[in-house]
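The values are calculated or read from the model by the stated rules, or taken from the named source; none is laboratory data. Given the structure is predicted, the values throughout are model-derived calculations rather than measurements. No Cβ is skipped: glycine too gets one built from the backbone with ideal geometry, and neighbour counts run over all protein chains shown. For accessibility, only protein heavy atoms count, side chains too; no ligands or nucleic acids. Shrake-Rupley method; radii C 1.70, N 1.55, O 1.52, S 1.80 Å.
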Amino acid sequence: MQEQYQPQTIEENAQKIWMEQHCFQAVENVNKEKFYCLAMFPYPSGRLHMGHVRNYTIPDIIARYQRMLGKNVLQPMGWDAFGLPAENAAIQHKIPPAEWTYQNIAMMRQQMMRLGFAYDWSREITTCDPHYYRWEQWFFITLFEKNLVYKKNAEVNWDPIDQTVLANEQVIDGRGWRSGALVERRKIPQWFIKITAYAEELLQGLDQLPQWPEEVKTMQRNWIGRSEGVDIFFPVLDHAEPLTIFTTRPDTLFGVTYIAIAPQHPLAALAAKNNPAVQHFIDDNRNIKTAEADMATMEKKGIATGLFVVHPLTQQHLPIWIANFVLMDYGSGAVMAVPAHDQRDFEFAEKQGLPITQVIQPPNNNWDFSQQAFTTEGTLINSDKFSGLPSKAAKTKIIQHLEQANLGKLKINYRLRDWGISRQRYWGTPIPIVNCATCGAVPEKNLPVILPEKVTFEGVTSPLKTMATFYETTCPVCGKPAERETDTFDTFLESSWYYARFACKNQDQSMLDDRVNYWVPVDQYVGGIEHAILHLLYARFMHKLMRDEGLLNSDEPFLRLLTQGMVLNNGIKMSKSKGNVVDPQPLIERYGADTVRLFIMFAAPPEQNLEWSDSGVEGAFRFLKRLWAFAYENRELIMRENYLGKKTAADIVWEKVNAAQQDIYRQIYHILDQVKYDYERQQFNTVVSSCMKIFNLLLKIPTAAAPDQDIRSHILHKGTSILLRLLSPITPHITQQLWQDLNFTGLIIDAAWPKPSEVSLAAQTVEWVVQVNGKLRGRLHLANALDEAALLMAAQAEPKVAQALEGKEIKKVIVVPGKLINIVVA
């Protein structure tokens, strides 16, 4: 065993062993419990930064821990390789996107290997590989033939710089998320997948995901936006067709004073025919912001159309206004405006001098309707025969009345809109459709439709649109000359099913095979909360589509979800665009990958933001050096156990053992129990702090002459064995080398989780409630027989408890045996 800790040599040796012995290559084994651990795969943008390191270290720790529990673990890695950045780089650096992408993949793969991530590289996927996207094209055609795919002219967010369609969430303050250009509204032909056909199942399925963060589920519920209400038919004067308006508040129907329609509504175009002012307003508001936050805060603008509707119950004539806060793609693009009971309608009515009619009485009757709208439920007034009813009962009665009179119809509405998958850019999966003047849009027969990789860019326009060798073809149906679709798929499509393909990457005869039902669903998925809505929603949707096609047999793709916090540098999220990234490579070269991994995990719980700290890295390195020095200095005593013959705790007459040694032995096993609990709840920062406690206990083992020397050797041997195993998921290289040098059996990655000691855990482990001044601050799983000092030490290690104790003096500790620890502070 070498005397000095040399991380470069140690880490190179460990990685060589893992590679030569194919340690992380997963094989299906029906006789063993599987565990599929997956991080959201990265876009190959170049070098890793510390945000990446944290993102991929967290699932690596989880995968290694689950392997210690005896499970058959799969942890693959791949590349979300298509997308705009590669095109932008191609334009800037005069290099084809494919070449730029493959260079970045090679660089990032090497960095990941250097960090010691336990990936099964034999399953590596690159989404720009035709072997991958051919099955995406096949599945698109399958959905097309089932009428789940269609093409229509749609008004979209258009980025004039990037020359492509943007989803609503890609529009930030009215500008494109990458280019920063002011977004325009355009109507162009687009391909859509009918995600709305699965809206209710996607909503209900969230209730079957108890191990997802509530925040994420709430975001998805809001995005799906289920609402129960009624379609109300408002006759339009001098117009044959009534205006259908959906509302969830039929109890406010008698308070409608005007109708507001979107600038893109057909009635707006009708009004503009003979009114230049209306046409001018429509033109000025084509590019309105569509994000909900923008809609809530932007100035409310509008213009009267000169058209009127008839109120279905009062027969009153109500004016139709065009308003910039009404979206064409929600409901029918029209709203019944009730300014007394909707704040947006109130602000508009105030500005335009429109009537405000109260029809809901607040419970305390103390609302100032001249200042703001009363938007909650109450008792109806000024509502004809429905006056006096509470809002809930009134809704039912009014809907019944409207249906009986054929003036309305009960309806469930969704905010969710069908998934627009067309992108007018080059670097993406070609849409496998041939456009024929005779037959229309027909599917390609020969797959894959391969994206040509040797291209040159002139401006930002897709090269496909000028490559006759790509788009000129013949119709698969009639054989006449035709043109291939030059739009490519939204890259969200590639990332919506990759997790399933990892299960059977080498399958070349079908999209998936039976192996997917062994591995999927993913047991643990890890990624940023910025993907909470679209990526996760699209993946859930695609999973259900694949299930209904008989490709897999589960309902949801990801059982447990961890959304890790960001890595901050001086309080700002690390990103290349902000120029504040910390490159891990120099740190790895100086301190080793284990130090970087240890600091990343110790600095903050996974779900919280982490503030970068150079001194914290130094501290992590010092700990690993101390651990190595301790093992070197005590190597003979630690290994002596092997020569004496393995002792068990039951072989020792504990009544004759030094009291200090007994206490240390018991504490090690008590901490082991807590670490198991912390690994399960994925609080890796407290795992590290517990390992440091065990290390400090090992340092305190008193020296003694025989026969106590045998006991000391036994405790050192057991304690070191436990410590190395607890640390190994976090710092896998140093623990592997020490395991080997101290003559423990086999590779540490094959070592099982430590078993509890029949002596130290003779007392039952129970859950302790931890309070500070009577307020709940945490829960701990500890032995029932711990003394007050040990309980206090364990409680103080809890982050929320430590926060509550910071800067305060402990006056008293109240212990209810086996139940409660209440720390009283001044």
Between helix 50-68 and the chain: long-axis angle, C-alpha atoms, 0 to 90°, nearest 10: 60 degrees
Cα long-axis angle, helix 708-727 against the chain (0 to 90 degrees, to the nearest 10): 20 degrees
Rounded to 10°, Cα long-axis angle of helix 343-352 versus longest principal axis of the chain: 40 degrees
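More than 13 Å apart: what percent of Cα pairs in region 54-97 qualify?
That fraction is 67 percent.
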Exposure of His401 as accessible area (Å², to 10), given a probe of 1.4 Å and all protein chains: 60 Å²
Globularity ratio of region 169-227, using Cα Rg and 2.2 N^0.38 Å: 1.52
Calculated log₁₀ intensity ratio I(q)/I(0) where the Debye formula runs over C-alpha points of region 707-826, q = 0.11, 0.14, 0.20 Å⁻¹: -0.54, -0.78, -1.02
From the C-alpha gyration tensor of region 1-132, square roots of 5λ in Å: 30, 20, 13
Computed over region 365-464, Cα set: Rg, Dmax in Å: 28.0, 73
Principal axis dimensions, region 448-589 - Cα atoms, whole angstrom, descending: 61, 45, 31
In region 205-287, trypsin sites (Lys or Arg not before Pro) in a DSSP loop with at most 12 other beta-carbon atoms within 10 Å: Lys273
In Å, descending, principal axis extents of the Cα set of region 109-237: 72, 42, 37
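Before anything else, pin down the relative contact order of the chain: Cα pairs under 8 Å, at least 6 apart, normalised by residue count, whole percent.
With pairs under 8 Å counted, the relative contact order is 14 percent.
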Approximate shape of region 220-280 as ellipsoid semi-axes (Cα gyration tensor, √5λ), whole Å, largest first: 27, 17, 11
Computed label-point distance, nm, for sites Ser554 and Ile91 using a 7 Å Cα→Cβ extension: 4.0 nm
Largest-first principal axis extents, alpha carbons of the chain, Å: 108, 74, 47
Three semi-axes of the equivalent ellipsoid, region 215-365, Cα gyration tensor, whole Å, largest first: 23, 21, 16
Considering only the chain, percent of DSSP beta bridges that pair antiparallel, nearest 5: 75 percent
Those trypsin sites (Lys or Arg not before Pro) in region 767-826 that DSSP places in a loop and that have at most 14 other beta carbons within 10 Å: Lys808, Lys819
Accessible area in square angstrom per residue, the chain, 1.4 angstrom probe: 43 Å²
Qualifying GluC sites (Glu not before Pro) in region 1-42, DSSP loop, other Cβ atoms within 10 Å at most 10: Glu3
Quarter of Cα convex hull surface for region 661-753, i.e. mean projection, nm²: 5.9 nm²
Carbon plus sulfur fraction of accessible area for the chain, probe 1.4 Å, in percent: 50 percent
